[in-house]
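Peer 1: Handing you a structure now.
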Amino acid sequence: MKSLYEQVYESLKKEILSEKYKVGDQVPSENELSETFQVSRITSKKALEKLMKEGYVYRQRGRGTFVAEWQVANQVRNVESKKPIIGLIMTTFDDSFGSTLVASLEEASDNKCFLILKRSLGIPEREEKIIQELLDFGVSGLIVCPAQAQHYTSEILKMVVNQFPLVLIDRAFKGVAAAAVSTDNVEAAIKGINYLIDHGHEHIGVLMSNNYVTTTLEDRLLGIVNAFSENQLVVNRELWFSDIKSTSPIPEAPKKEDIEKVKEYIQKNPKITALFALEYQIASLAKVAVEELGLTVPNDISIICFDSPPINDQGWSFTHLKQDEAEIGRLALERLMDMYHGKFNTDSQLVPATLIEGSTTRTIRAKSFL
């Protein structure tokens, strides 16, 4: 025989699905359920909490508990398929980062759920519109690579408050208890800087976009600072350059203008022997800038970055920190399916990156050990 709270839960769930209580309607309070079913308030509270965890209802402090739209719509839509529909929102994806992640998610979803893939192109307004469309469609959960970490939409905040299945990938929101799966960017950046220092580089330039306020890039900068400290070297922040715009996935981004800026930056800092680009697109710009100055990579300046496509047609590839996209995708879907089945956990999971040696770095002198 089912426990008392499960009986209350089943009864109220049936009334929601039969539309006795429609989307947006307020359901009975803990006290009202206690009186109706002749159970304790603790029992009725537990029943409501289970409904909330499964996405049927949400609470508003001081107002009450209301029927949520996403899970109810999904139950009606998927009654035959039995598989939930999951929305996947990427900023963009290519051979340097994203394609393997999408492939991993698609593979992990086999026999578990259906995936709907959309791109936000890194535009918060577009991201919000996509989220609203997917929720209106009746998805059971969302996996999102946020357009910006310092900006989260009201829809995302609402999902977090209502415990709607949501997993963030690649970055997280500060102060928002949302599940996230990403690379251990602090540890990865430490690996990158240690590699350069071990190969004799101390005057290391750091290149980043002018919109670097994301948890991903902040963690990479923290890793760089920590690595210099661990090697008893002083961080020269004057060698950090952040006036780069063309990391955007939008094709018309002004790459030529950025190349000129990087050339000026290199000329103003002639002591630089290595550049650490926090994104692959920036590394590509930097390589062009170095060569347009009549210098060569890596003989004059070494370059290391995060992510890189396989060896290109010219036969070279960047030394880079390779993110484990396959593992990130697998863990993200696993976390989301746990949430879908009522197991909520908002902890972040960090996945190690691997340093891959390419042809864009060289040793200028062996590291001395005292």
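Just so it is clear, none of the values below were taken in a lab; they were calculated from the coordinates. This one's a predicted model, so the numbers in the text were calculated from it and none came from an experiment. Cβ coordinates were reconstructed from backbone atoms using ideal geometry, including for glycine residues, and neighbour counts include every protein chain displayed.
Peer 1: With a sphere of radius 15 Å drawn around the Cβ of Gly342, what net charge do the other residues whose Cβ falls strictly inside it have (Lys, Arg +1; Asp, Glu -1)? Write out the running numbers ahead of the final one.
Peer 2: On the way: positive: Lys13, Lys46, Lys50, Lys53, Arg335, Lys343; negative: Glu6, Glu10, Glu49, Glu54, Glu334, Asp338.
Cβ neighbours under 15 Å give a net charge of 0.
Peer 1: Among the listed pairs Lys118/Lys158; Lys245/Lys271; Lys14/Lys129; Lys45/Lys158; Lys22/Lys45, which have their C-alpha atoms separated by more than 28 angstrom in this model?
Peer 2: Beyond 28 Å: Lys14/Lys129.
Peer 1: Something else now. Helix 255-268 versus the longest principal axis of the chain: what is the Cα-based angle in degrees, 0 to 90, to the nearest 10?
Peer 2: Helix 255-268 sits at roughly 50 degrees to that axis.
Peer 1: How big is the chain on each of its three principal axes, counting only the C-alpha atoms and giving the largest first in Å?
Peer 2: Taking max minus min along each principal axis of the Cα atoms, the chain gives 81, 44, 35 Å.
Peer 1: Also: Which order, highest average first, do 338-346, 95-103 follow once you tally other Cβ atoms within 10 Å for each residue and take the mean per peptide? Walk me through the numbers on the way to the answer.
Peer 2: Details: 338-346: 14.7, 95-103: 18.4.
In descending order of packing, they fall as 95-103, 338-346.
Peer 1: Sticking with this one: Which one, Val297, Val67, Thr215, is farthest towards the positive end of the dipole of the chain when Lys and Arg carry +1 and Asp and Glu -1 on their Cβ?
Peer 2: After comparing all options, I get Val67.
Peer 1: Leaving out same-chain residues fewer than 8 places away, which aspartates and glutamates sit with a Cα under 16 Å from that of Lys261?
Peer 2: Of all the aspartates and glutamates, those that pass the test against Lys261 - Cα under 16 Å, at least 8 places apart if same chain - are Glu238, Asp243, Glu291, Glu292.
Peer 1: Under the rule of -39500 (n - 2.57) per DSSP H run of 4 or more residues, summed and divided by the residues of the chain, what mean residue ellipticity at 222 nm is obtained, to the nearest 500 deg cm²/dmol?
Peer 2: On the way: 12 runs with 150 residues, N = 370.
Estimated from H runs of four or more residues: -12500 deg cm²/dmol.
Peer 1: Oh, and also: Using +1 at the C-beta of Lys and Arg and -1 at the C-beta of Asp and Glu, which of Ile272, Met159, Val288 has the Cα lying farthest in the positive direction of the dipole of the chain?
Peer 2: Met159
Peer 1: Further, regarding this structure: In debye, nearest 20: dipole of the chain around its Cα centre with unit charges on the Cβ of K, R (+) and D, E (-)? Walk me through the numbers on the way to the answer.
Peer 2: Working: 42 positive and 51 negative charges, 181 e Å.
Taking the Cα centre of the chain as origin, the dipole is about 860 debye.
Peer 1: So which residue, out of Lys118, Lys322, Lys46, gets the largest mean-square fluctuation from a GNM of the chain using Cα contacts under 10 Å as springs?
Peer 2: Highest fluctuation among the options: Lys46.
Peer 1: Given a 10 angstrom Cα cut-off, can you work out which residue in Pro270, Pro309, Pro28 is the most mobile in a GNM of the chain?
Peer 2: Pro270
Peer 1: What does DSSP give for the chain in terms of the percent of beta bridges that are antiparallel, rounded to the nearest 5? Intermediate results must be reported in sequence, preceding the final value.
Peer 2: Working: 8 of 43 bridges.
That works out to approximately 20 percent antiparallel.
Peer 1: Then there's this: What list of ³J(HN,Hα) couplings, whole Hz, do you get for segment 7-18 from phi and the Karplus terms 6.51, -1.76, 1.60, once you set θ to phi - 60° and write x for glycine and proline?
Peer 2: So the Karplus estimates, Gly and Pro as x, are 5, 5, 4, 4, 5, 5, 4, 4, 5, 5, 5, 7 Hz.
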